[in-house]
Ligand SMILES: *Cc1c(COP(=O)(O)O)cnc(C)c1O
Ligand SMILES: [Zn+2]
């Protein structure tokens, strides 16, 4: 526990921290584990406060995720928000992708590579760093597979808060450079993400880190709520209704779970008509602990040692694995895992049919979309949203081998002819 003052926010619809395991409730603050059973905590809301939020309020808000402040635990006061312009990313109707995969219903790509640091992580960090500031932390930190570190370092730089980012030292070069450029402290750890995360949990208990908010450790209940804005935006961009199916990548399993939570909250608040939707989860074969549990019908997620090119998803011991299983099973959805070659193919497929260049995590998601559509587990006659969570320029080495100029020629007509281009 930290000695930082617990201070509930003014006007927040959040009412308590609720144990996801035993249901015990605690006051809002910098706590992430249940005092009764050590289970993980999440934000509970006052249902009446959520029900008072109207579409018109949201539509009149800023063109960023803060338009949903009425549905978030923090940031109701614009003066305390950390607003990097995150959110309201394009929802692209991907007709050529749909055709190629045999869909008769629309397929949409929610392209979160358009966020300020080029991944979905700007959502969770916007909310977490706002919460950290409201809770009185003076430094921000994280354990990261790459994108989170990029986003934490950038947001900290924007508000002049010191940051310390911990990553496995063998990450893709662009992600290392991007975290370092914003000027915070970047620590490469000789080990896996799971080693990094364990170190951060230990550090968060030390006196020296007492006033440091680890966005995905002691501020995690707030951090996780940021993912809901993906669900809110999809609903608003579809004209205030929910899609019938969505496909999301899984690292810890948090994002997939929270999009589902967002859809439920929208229905409960009367912001969208009630409808049925199915949730689909994507992992890479090199790190598929959640998809493996799904396939075997298990409730327990057995940790693995991650390998493979989808490094941003390489969490071998996923904290939200059981909740992701519940969300998918409860909705009649499915999960699948795909190998590195399929991931590369997924990146190329999305790029050549839709004009979106995804990082490896997006390749995982598109490859799983393809696989589950082919197997019939995804219904190609139902409207489907696919989440692209990161930018291909961050993992360029994954596909650079197969992406070269068609020809290199002298600047002459003759050169064009010689290369067979004329
Ligand atoms: C972090 C991340 C995710 C999702 O992570 P969860 O831990 O499952 O919430 C998905 N895609 C990318 C590119 C990421 O960086
Ligand atoms: Zn509990």
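Just so it is clear, none of the values below were taken in a lab; they were calculated from the coordinates. Predicted, not measured: the structure shown is a model, and the values here were computed from it. Neighbour counts are summed over all protein chains in view; Cβ atoms, including those assigned to glycine, are modelled from backbone coordinates with ideal geometry.
Using only Cα atoms, locate the centre of the stretch 117-141 and the centre of the stretch 166-215, then give the distance between them in Å, rounded to an integer.
Cα centroid of the stretch 117-141 versus Cα centroid of the stretch 166-215: 15 Å apart.
I'd like the FRET efficiency for residue 403 and residue 24, computed as 1/(1 + (r/R0)^6) with the beta carbon distance as r and R0 of 45 Å, rounded to 0.05.
Efficiency, from the Cβ-Cβ distance: 0.30.
Which order do peptides 50-60, 364-374, 291-301, 91-101 fall in by mean Cβ count within 10 Å, highest first?
364-374, 91-101, 291-301, 50-60
Under the rule a/c < 1.5 gives rounded, and otherwise a/b versus b/c splits prolate from oblate, where does the stretch 29-126 land using the Cα gyration tensor?
prolate
Working from Cα positions, state the angle (0 to 90°, nearest 10) between the long axis of helix 360-375 and the longest principal axis of the chain.
For helix 360-375, the angle is close to 70 degrees.
Using 0.36 nm times the number of residues separating residue 93 and residue 307, minus their current alpha carbon distance, what extension gain do you get?
73.8 nm
Please list 76-88, 192-204, 278-290, 380-392 highest first by mean number of surrounding beta-carbon atoms within 10 Å per residue.
Sorting 76-88, 192-204, 278-290, 380-392 by mean packing, highest first, produces 278-290, 380-392, 192-204, 76-88.
Per 0.36 nm of contour for each residue apart, how much would the distance between residue 207 and residue 352 grow if the chain were fully extended, relative to their Cα-Cα spacing?
That works out to 47.0 nm of additional length.
How much mean residue ellipticity at 222 nm does the chain get from its helices, if each DSSP H run of length 4 or more adds -39500 (n - 2.57) and you divide by all residues, to the nearest 500 deg cm²/dmol?
Taking each H run of at least 4 residues, the total per residue is -10500 deg cm²/dmol.
Relative contact order for the chain using alpha-carbon pairs under 8 Å, separation at least 6, rounded to a whole percent?
RCO, the chain: 15 percent.
For a quick check, take a GNM of the chain with Cα springs below 10 Å and name the residue from 179, 252, 400 with the largest mean-square fluctuation.
Most flexible of the set in this elastic network: 400.
Quick one: angle between helix 254-268 and the longest Cα principal axis of the chain, in degrees between 0 and 90, rounded to 10, please.
70
Give me the number: length gained by fully extending residue 268 to residue 421, i.e. 0.36 nm times residue separation minus the C-alpha to C-alpha distance, one decimal in nm.
49.2 nm
Quick check: the angle from helix 193-204's long axis to the longest principal axis of the chain, C-alpha only, nearest 10 degrees?
On a 0 to 90 degree scale, this one is about 20.
Tell me, what is the FRET efficiency for residue 198 and residue 381 to the nearest 0.05, using R0 = 41 angstrom and their Cβ-Cβ distance as r?
Result of the calculation: an efficiency of 0.35.
How do the peptides 215-222, 22-29 rank, highest first, by the average count of neighbouring beta carbon atoms within 10 Å per residue?
215-222, 22-29
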